[in-house]
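Here the structure is laid out as structure tokens; the discussion comes afterwards.
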Amino acid sequence: MNRTIARLTMRGLLSPRRLLLLSLIPLVLLAVAGLLRGLASGLAIDESTTVLATLGIGTVLPLVALICGTGAIATEIDDGSVVYLLAKPIGRPTIILTKYVVAVFGAVLLAVIPITLAALILVGADKGVVLAFAVSALVGALGYSALFLLLGVVTRHAVVVGLLYVLIWESFVGGAVPGAQALSVQQWSLSVGEKVADDGLISAAVSLPVGASLLTAVALFGLYFAVQRLRSLTLAGEQ
Amino acid sequence: MTTISVDRVSRWFGNVVAVNDVTMTIGPGVTGLLGPNGAGKSTLLHMMGGFLAPSTGTVTLDGAATWRNEDIYNHIGLVPEREAMYDFLTGREFVVANAELFGLPNAGFAAQTAIDTVQMEYAADRKIATYSKGMRQRVKMASALVHNPSVLLLDEPFNGMDPRQRMHLMDLLRKMGAEGRTVLFSSHILEEVEQLAHHIEVMVAGRHAASGDYRQIRRLMVDRPHRYTVRSGDNRALASALIADDSTAGIELDLRDGVLHIQAIDFVGFTRRLPQVARERGIRLYEVSPTDESLESVFTYLVGA
């Protein structure tokens with residue numbers, strides 16, 4: 001961790017204006033949760049968990065993580081200002097790790113906490129659902145952030161590629177082709193929540209050992225390769 | 001005292017060769033890297049700054065490879081060509097952040113010294129987003145100087161500067177050079193390089209075309225054959241008078257365009273003689289234009305030399 005890099009990244013990523021705009025995403029989730037809660041009859045608990053899984057873990061979390069993960073480094077690489085970080089006697093792992101921590105922080109602030117609140121609104125402190133979604137969202141944030149940080153270092157089109165992954169692969173293909181769900185950060189995150197909540201309340205396409213190990217692998221792999229890519233980052237392609 | 005050594009370095013992108021078998025040594029003092037746009041100056045600077053791997057050959061800083069070696073930045077100050085900085089910071093915050101990133105114990109003091117050096121105190125607390133190009137350039141300089149490096153690499157530092165800012169930066173770089181630092185800057189403008197650099201390396205089309213102090217480079221550039229297009233009241237009479245003069249090597253009478261194409265061998269002599277000859281014969285000169293004065297052609301000539 002480098003405090004200066006963290007500060008710079010934070011100010012770039014979460015400026016007041018951006019924070020205001022970004023918070024619209026979790027606000028939608030909270031508004032939906034409030035509305036559903038306000039319905040006279042209320043939702044059945046399994047309906048509530050479906051809403052939390054698809055809207056919270058399946059949409060808000062990846063979107064926020066995408067914006068924070070790529071925003072933590074891709075913007076600087078794009079405009080070239082990353083040179084001021086790279087032309088310093090600082091280990092590349094330190095730079096990536098710091099960016100990662102900031103990205104995760106953003107995702108916690110704008111996705112994990114709101115998802116937890118939404119679970120509290122919809123279900124209440126019952127049957128371990130709130131804790132389950134909090135943990136799911138947190139591990140999901142750890143996985144997504146690493147993945148999207150890597151994308152930010154690897155490609156100039158990180159946001160597009162990330163959106164394609166989230167929308168096409170996880171939502172669309174994952175919804176239609178069961179096998180594709182085995183390779184989805186969303187399902188891996190839910191596999192953790194599945195174990196925390198009471199039986200049958202949250203369902204994931206993979207078992208906990210598979211989900212947890214794939215999630216860990218992707219996070220470590222993502223960070224490792226991000227460091228390697230940053231080491232060989234070429235800044236000459238600007239002419 | 002720090003020396004940058006470029007040893008038989010080539011760099012290609014796909015099948016485009018940007019730098020072609022270049023060998024040079026840059027020592028203390030101010031060195032100008034001169035060449036037209038696209039000559040490979042930036043590519044070379046990027047390799048020296050450790051942001052690009054040579055395809056072949058080695059680039060070293062006092063014997064240590066610059067590629068994938070973060071330690072070199074303890075000794076290098078880098079002034080990139082691109083404008084992008086952390087625009088949401090003030091100039092002071094930016095320089096302080098750079099000082100912290102260099103791991104300096106007293107970042108605030110180091111930053112203040114650097115800001116004073118580039119004379120940016122008056123605007124240090126304004127956001128960088130509000131800066132003019134010249135101000136940005138100076139803050140970039142401050143951020144590169146903040147750790148007191150022995151090497152300063154600057155990519156086209158004078159671009160977009162007004163004459164006063166240019167002069168100030170020149171003074172600053174001269175001072176840095178006189179202090180024994182190794183200062184290397186790139187430019188495509190001969191006059192800039194000539195005014196500032198005690199040593200010049202010329203790059204053309206990826207090749208190392210010439211090397212020497214500015215007098216040597218200047219002579220190479222001035223002593224080459226020059227071509228002129230001249231339109232006058234009586235082209236034929238002017239041609240016959242000029243061919244008798246020592247300063248010309250050949251004259252073509254272009255009847256269709258009504259001009260003379262003159263090959264001059266003595267640049268100074270010819271430019272002095274032409275108006276004299278014209279006046280002696282009572283011939284009016286309508287147009288005298290050098291046909292190959294573009295920088296490109298000057299450099300192309302140097303490559304052939």
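The values are calculated or read from the model by the stated rules, or taken from the named source; none is laboratory data. The structure displayed is predicted, hence computed values, not measured ones. Cβ sites come from the backbone with ideal geometry, for glycine too, and all protein chains shown count toward neighbours.
Here are the numbers for the structure shown:
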item: Helices (runs of 4 or more DSSP H) completely within segment A:51-100 that count 3 or more residues being at pLDDT 95 or above and under 18 Å from residue A:188 (Cβ atoms); result: A:61-71
item: Meets criteria (crowded, with 24+ Cβ neighbours inside 10 Å, aromatic (Phe, Trp, Tyr) and away from chain B (no Cβ under 14 Å)) for residue A:133; result: yes
item: Selection from segment B:80-94 of residues that are under 30 Å from the mean Cα position of the chain (by Cα), within 10 Å of chain A (Cβ to nearest Cβ) and either aliphatic (A, V, I, L, M) or assigned to a helix (DSSP H, G or I) (or both); result: B:84, B:85, B:94
item: Filter result for the condition that a residue is surrounded by fewer than 16 Cβ atoms within 10 Å (Cβ to Cβ), of a type outside the set (Gly, Ala, Ser) and within 30 Å of residue A:205 (Cα to Cα), over A:28, A:51; result: A:28
item: Selection count where residues are in a helix (DSSP H, G or I), crowded, with 21+ Cβ neighbours inside 10 Å and not hydrophobic (A, V, I, L, M, F, W, C), scope segment A:175-208; result: 6
item: Scope segment B:59-76; condition within 15 Å of residue B:46 (Cα to Cα) and either hydrophobic (A, V, I, L, M, F, W, C) or more than 8 Å from chain A (Cβ to nearest Cβ) (or both); matching residues; result: B:59, B:60, B:61, B:65, B:66, B:67, B:69, B:72, B:76
item: Residue B:106 vs. criteria polar (S, T, N, Q) and facing chain A (nearest Cβ under 9 Å); result: no
item: Among the candidates B:211, B:247, residue that is closer than 30 Å to residue B:159 by Cα, under 32 Å from the mean Cα position of the chain (by Cα) and polar (S, T, N, Q); result: B:211
item: Filtered residues of segment B:33-53 (kept if farther than 17 Å from residue B:3 by Cβ and more than 9 Å from chain A (Cβ to nearest Cβ)); result: B:34, B:35, B:36, B:39, B:40, B:41
item: One residue from B:141, B:85 being closer than 27 Å to residue B:26 by Cβ, in contact with a strand residue (DSSP E or B) (Cβ under 9 Å, 6 or more places away or on another chain) and hydrophobic (A, V, I, L, M, F, W, C); result: B:141
item: Among residues of segment B:53-70, those that are in contact with a strand residue (DSSP E or B) (Cβ under 7 Å, 6 or more places away or on another chain) and part of a helix (DSSP H, G or I), counted; result: 0
item: Flag if residue B:97 is more than 16 Å from residue A:235 (Cβ to Cβ) and part of a helix (DSSP H, G or I); result: yes
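Matching residues to (1) of a type in the set (Val, Ile, Thr); (2) closer than 25 Å to residue B:179 by Cα:
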{"residue": "B:16", "(1), (2)": "yes, no"}
{"residue": "B:56", "(1), (2)": "yes, no"}
{"residue": "B:67", "(1), (2)": "no, no"}
{"residue": "B:85", "(1), (2)": "no, no"}
{"residue": "B:100", "(1), (2)": "no, yes"}
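Quick grid of which residues meet (1) in contact with a Leu (Cβ under 7 Å, 6 or more places away or on another chain); (2) among the small types (Gly, Ala, Ser):
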| residue | (1), (2) |
| --- | --- |
| A:62 | no, no |
| A:87 | yes, yes |
| A:95 | yes, no |
| A:114 | yes, no |
